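So the structure is just underneath, and the comments pick up after that.
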Amino acid sequence: SSFNKVKSVIESYLEGNSPRSVITCKINSKPYYLKISKQDNHIYIEAERQVKKHISTSDLNEIGFLFDSNHHKNWKLVCKAINKIIQFDRVFVLQVLETGNCSIIAENSHMPSEPLENKYFSKDFLPEVLIEHFKHSPYRFMANVNEQHQNFYTIDQNIDLKSTQLICVPDLTAEYYQFIGIKTALFFPLYLKGKFWGMVVAQNIKEKRVDLQTRKICTFIVQNAMSKYEM
């Protein structure tokens with residue numbers, strides 16, 4: 001049963017085993033992912049509806065193509081591969097320059113608006129508070145910018161949500177996305193020699209649910225591309 005699954009994972013954590021795992025279970029007869037992690041003697045359990053049951057062959061082929069090829073500097077192909085999987089209105093790569101300004105170095109877009117590629121933005125476009133927000137997770141998912149925030153209750157003031165997907169994007173970012181008419185967004189931070197280098201960003205005008213496994217595939221693609229680029 002689902003209860004025994006969760007109980008078994010938590011018991012293994014108490015014994016000092018793997019600090020992070022994902023299991024599937026049913027809650028009210030509906031399929032859910034339970035993401036269980038341990039940090040600073042706290043165990044975090046995040047429940048999320050399963051949107052897509054299986055990873056498609058075409059998605060796996062997309063990964064295989066990128067791994068087989070030597071396109072380690074072709075960020076445009078990375079954008080295209082990710083967008084083939086998630087089908088968003090726009091995917092782009094943003095690089096932070098030494099001045100703190102941002103440059104859009106690659107894009108795959110189906111937007112009616114003007115392309116972002118080769119455009120420059122001021123350092124206000126990616127403030128330090130936002131970079132800090134992305135540092136603690138391999139990706140951030142804003143499922144719906146207009147969605148009402150959940151209340152979080154705790155009797156322990158030392159609870160840290162930064163490593164979970166429960167934490168919301170800063171208000172400034174949410175307001176900006178509401179202003180430009182984007183409902184759903186995915187952010188994948190990029191690091192070069194341990195230093196924040198930029199991001200892969202996916203944006204969609206309408207709300208779009210992206211399954212956890214699909215997000216993990218995209219994270220895998222982005223991290224592999226950055227690893228090749230670094231080498």
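The values are calculated or read from the model by the stated rules, or taken from the named source; none is laboratory data. These numbers come from a predicted model, not from an experiment. Here the Cβ is made from the backbone with ideal geometry for all residues, glycine too, and neighbour counts use every protein chain on show. The accessibility values were calculated without ligands, DNA or RNA, using every heavy atom of the protein model including side chains. Shrake-Rupley method; radii C 1.70, N 1.55, O 1.52, S 1.80 Å.
Overview of values
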quantity	calculated
Residue list for segment 138-155, restricted to those being in a loop (DSSP other than H, G, I, E, B), open to solvent by less than 50 Å² (accessible area, probe 1.4 Å) and of a type outside the set (Ser, Thr, Tyr)	Ala143, Asn144, Val145
Residue in segment 35-43 that is assigned to a loop (DSSP other than H, G, I, E, B) and either among the charged types (D, E, K, R) or under 15 Å from Thr214 (Cα atoms) (or both) present	yes
Criterion violated by Ile167 - all others in (1) hydrophobic (A, V, I, L, M, F, W, C); (2) surrounded by fewer than 20 Cβ atoms within 10 Å (Cβ to Cβ); (3) assigned to a loop (DSSP other than H, G, I, E, B); (4) within 11 Å of the chain's Cα centre (by Cα) satisfied	(4)
Residue satisfying condition, being over 21 Å from Lys76 (Cα atoms) and either modelled with pLDDT of 90 or more or surrounded by 15 or more Cβ atoms within 10 Å (Cβ to Cβ) (or both), within set Lys135, Lys162, Lys123, Lys208	Lys208
Exclusive hit being under 18 Å from the mean Cα position of the chain (by Cα) and within 23 Å of Glu46 (Cα to Cα), set Val129, Val145	Val145
Top-ranked residue of segment 35-57 - restricted to ones that are more than 12 Å from Arg20 (Cβ to Cβ) and in contact with a helix residue (DSSP H, G or I) (Cβ under 7 Å, 6 or more places away or on another chain), ranked as least open to solvent (accessible area, probe 1.4 Å)	Glu48
Some residue of segment 111-125 being in contact with a helix residue (DSSP H, G or I) (Cβ under 7 Å, 6 or more places away or on another chain), over 28 Å from Leu212 (Cβ atoms) and among the small types (Gly, Ala, Ser)	no
Whichever residue in segment 184-205 is open to solvent by 70 Å² or more (accessible area, probe 1.4 Å) and farther than 18 Å from Ser137 by Cβ and, among such residues, is nearest to the chain's Cα centre (by Cα)	Ile205
Residues that are assigned to a loop (DSSP other than H, G, I, E, B), surrounded by 15 or more Cβ atoms within 10 Å (Cβ to Cβ) and in contact with a Lys or Arg (Cβ under 7 Å, 6 or more places away or on another chain), drawn from segment 89-110	Asn101
Pair list, Cβ < 6 Å and 6+ apart or interchain, from segment 2-15 residues that are under 15 Å from His42 (Cα atoms) to residues that are surrounded by 13 or more Cβ atoms within 10 Å (Cβ to Cβ) and of a type in the set (S, T, N, Q)	Val9/Ser21
